[in-house]
1. Quick one: how many residues across the stretch A:217-256 are modelled with pLDDT of 85 or more and either among the acidic types (Asp, Glu) or not in a helix (DSSP H, G or I) (or both)?
2. Condition first: assigned to a loop (DSSP other than H, G, I, E, B), polar (S, T, N, Q) and free of Cβ contacts under 8 Å to residues at least 60 places away in the same chain. Now tell me which residues in the stretch B:120-178 satisfy that.
3. Within the stretch B:192-206, identify whether any single residue is under 25 Å from the mean Cα position of the chain (by Cα), outside any loop (DSSP other than H, G, I, E, B) and crowded, with 24+ Cβ neighbours inside 10 Å, and answer yes or no.
4. Can we say B:Ile341 is hydrophobic (A, V, I, L, M, F, W, C), more than 21 Å from the chain's Cα centre (by Cα) and part of a helix (DSSP H, G or I)?
5. Among helices (runs of 4 or more DSSP H) lying entirely in the stretch B:22-89, which contain 2 or more residues that are surrounded by fewer than 18 Cβ atoms within 10 Å (Cβ to Cβ)?
6. Report the residue count in the stretch A:65-92 for those that are under 21 Å from A:Glu118 (Cα atoms) and buried (at least 16 other Cβ atoms within 10 Å of the Cβ).
7. Could you tell me whether the stretch B:354-373 includes any residue that is touching a strand residue (DSSP E or B) at 6+ places or on another chain (Cβ under 9 Å), surrounded by fewer than 21 Cβ atoms within 10 Å (Cβ to Cβ), within 14 Å of chain A (Cβ to nearest Cβ) and free of Cβ contacts under 8 Å to residues at least 24 places away in the same chain?
8. Please indicate, with yes or no, whether at least one residue in the stretch B:322-334 is touching a residue at least 12 places away in the same chain (Cβ under 8 Å), at the interface with chain A (Cβ under 8 Å from one of its Cβ atoms) and closer than 30 Å to A:Val375 by Cβ.
Amino acid sequence: MSDDLEKFREETRAWLEENCPEEMRTPMSVDTNACWGGKKFKFESDAQKLWLDRMAERGWTVPEWPKEYGGGGLSKAEAKILAAEMKRIKARPPLISFGIWMLGPALLKYGSEEQKQEHIPKIVRGEIRWAQGYSEPNSGSDLASLQTKCEDKGDHYLINGQKVWTSYADEADWIFVLVRTDPEAKKHEGISFILVDMDQPGVTTKPIKLISGKSPFCETFFDDAKAEKDAIVGGLNKGWTVAKYLLTHEREMISGMGSGSMRPIGDIAAQQIGLDEQGRLADPILRADVARMEIDGLAFMATMERFKDEAKAGQGTGANSSMLKYYGTELNKKRLELMMDSAGSDGLEWGAEEDVAAQWLRTKANSIEGGTSEVQLNVISKRILELPGA
Amino acid sequence: MAMVLNEEQEMLKDMAKGFLTEKAPVSQLRSLRDSGGTDGFDRGTWGAMAEMGWAGVVVPEEHDGVAMGYQAAGLIAEEMGRTLTASPYVSTAIMGATALNKYGSADQKNEWLPKLAAGGALMAVAVDEARKHAPSSVATKAERAGNGFKLSGEKSFVADGSVADALIVSARTEGAEGDEDGITLFLVPRDSAGLSAEAKSMVDSRNAATIKLDGVELTADAVLGEVDGGYQPLEVILNAGRAGLAAEMSGSAQECLTRTVDYLKERKQFGRTIGEFQALQHRASHLYSEIEVGKSVVMKALQMMDQAPEMAGLMVSAAKAKLGQVAQLAAQESIQMHGGIGMTDEFDIGFFIKRVRVAEALYGDANFHTERYARLRGF
């Protein structure tokens, strides 16, 4: 490692030691441990707020974003060191949000200078929480058929329509929405990507209760909602390009769920089911299923790593995000099925502390949200295998 | 370690692809099968491979090898999987070389490694004694006789056993059948008195042999590694072969998909190219996904073999289990998607399902390695 990087590591380590509160160095176990930011967010502790403020001040909530918009301005190598040093002391992420995962990268790529100046620093500091308005009641897999209307009223845009599956919209401050700005054009060509302040009478939200008993999603209604004239990102009627770019990020995010830092299922099953005198999981069929699951999990994580390295080396294809989304979500569903098998009747308890049942039911959405498994297979057929008519 | 090939590896892969496509394509395997020869591979082609350094791919330079490591060795195996090239590559260049290089005495290395790297000596690993792979189930006995040993027993499913110039044989010097302790590895010249090899013609048109050891007398110099301590080295030798076969199966699976997708773009039924049908698109795309995931775990296993071979067992079993399953899926799906023509001997796709079946079974099938994975993980 170069001297500069070594120096960066030393400084980072010292700074984290000094500035990361002790309470923020324990694993996240319940939903409220995660800091989503935004005007309506209630910090669960002073330490959570302090940690966010300190990290945001350095731009380290988004280490690689440019400094001019409040980001950390770190190189890839430096960001890797920061991540490793945070992992070393088991520091929690100071902030997670759709702004970081989805809108930010799209604004950096397609936003105007004014849009970047206005919105990115607030994402970095966790001041504004964003929601995503894509799907509609009649536009699910066929997203480009969306009908939410957006009219140019001279000094503002007027929006009417309904979005659905808007994640955490009831806790969000702003929403990025796909709207139809040219009803005469072909379906992909009349769509715009617009930023809307939710703090106005024309925007209302209603949570949807899911089979898991939780309500992570909402319906969001637009009744004569207004947006500024400079609120369209990436150009009028050019919203599909931005949407597709952002979907790639969303797919990567969803495919990553269920891998990584979780406790291996073999360990969980060994504890729950017990081992026989030869040290084998007492249920031989579950043992085989769990072993296959772990092998697939290892292979899948190696694949995410490989695609990342290939992208860095300028190889590979962007369409592989569809493959990861397809494989990762199907795998996660299987994993939770096995978790239920292993947990037995304890897992069937409704509202239990660990609540495996809620997680299990939640995973069923993984292969629907962000494009169904079938849609991902269509993308692979068309863009990678280049099959006709796909 | 980055999960991308470096420049040297890219060049090797291109070279291997070029050579094998031209000199040893599937049609060569077909003519080997139809000619009824007993070797099961083409010696001229093997000589050309050795000239390119492939036989010495993991042999150190001091013993005339090219020392490119297991990841490179896997790249060659993967390309051989695409062309179904029959050769003693896995048993000799990967397993034989690993055995001698890591566990051979100075004399054994000096005698065998340069010959092996030059393509002049073939090796085989004689481990199994029953129909299923079980490396600790060793009934073959090695009794002490004078300063040496006397071997008696029978080994089955010995890949390249009838063509090898020397065999690496596991035999019991101590303990009961099934014990990991008390196994010793011997380097047994093919022409030893009392050793006989019966070549079996296999479903993949390549050879495996049953080896009979009828009081084969060996000096103490024939021991490879430590007396009674042969099991752990055997695992490393087998892991090298398993990782190589996983890479080979990855190549075969990729080729099955390529050929199938080409066919889907060409065949017409109901007035349409059949690749337009979503039922077939989704089968092919699912297969693509499985193959991509398989490639990554193979790469990890080979990298582990390079970095920490004694620790590679878990990842190697993951790779062998996964690829056993993926390559069989690929071979089966490619026949289904080819339809009737896929069932004909005249068409090449049927060669893949046959070879993959054998490669999957060799040194432990997917079930064996799934079980072994669970054991190594402690559940």
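The values are calculated or read from the model by the stated rules, or taken from the named source; none is laboratory data. All values derive from a computational prediction rather than experimental measurement. Here the Cβ positions follow ideal geometry from the backbone for every residue, glycine too, while neighbour counts run over all protein chains shown.
1. Start the filter on the stretch A:217-256 by keeping residues that are modelled with pLDDT of 85 or more, which leaves A:217-246.
Now restrict to residues that are either among the acidic types (Asp, Glu) or not in a helix (DSSP H, G or I) (or both): A:217-238.
Counting residues in the stretch A:217-256 that are modelled with pLDDT of 85 or more and either among the acidic types (Asp, Glu) or not in a helix (DSSP H, G or I) (or both) gives 22.
2. Residues of the stretch B:120-178 assigned to a loop (DSSP other than H, G, I, E, B): B:120-122, B:127-140, B:146-147, B:160-165, B:173-178.
Still in the running and polar (S, T, N, Q): B:136-137, B:140, B:147, B:162, B:173.
The answer is B:Ser137, B:Thr173.
3. Checking the stretch B:192-206: not a single residue is under 25 Å from the mean Cα position of the chain (by Cα), outside any loop (DSSP other than H, G, I, E, B) and crowded, with 24+ Cβ neighbours inside 10 Å.
4. yes
5. Numbers: elements: B:26-35, B:43-51, B:70-83.
By residue number, B:26-35, B:43-51.
6. If we filter the stretch A:65-92 for residues that are under 21 Å from A:Glu118 (Cα atoms), which is where we start, we get A:65-73.
With buried (at least 16 other Cβ atoms within 10 Å of the Cβ) added as a condition, the list becomes A:65, A:69-73.
Number satisfying all stated conditions: 6.
7. Scanning the stretch B:354-373 turns up no residue that is touching a strand residue (DSSP E or B) at 6+ places or on another chain (Cβ under 9 Å), surrounded by fewer than 21 Cβ atoms within 10 Å (Cβ to Cβ), within 14 Å of chain A (Cβ to nearest Cβ) and free of Cβ contacts under 8 Å to residues at least 24 places away in the same chain.
8. Residues of the stretch B:322-334 that are touching a residue at least 12 places away in the same chain (Cβ under 8 Å), as a first pass: B:322-334.
So of that shortlist, the ones also at the interface with chain A (Cβ under 8 Å from one of its Cβ atoms) come out as B:322.
This time we only want the ones that are closer than 30 Å to A:Val375 by Cβ, so: B:322.
Yes, the stretch B:322-334 contains a residue that is touching a residue at least 12 places away in the same chain (Cβ under 8 Å), at the interface with chain A (Cβ under 8 Å from one of its Cβ atoms) and closer than 30 Å to A:Val375 by Cβ.
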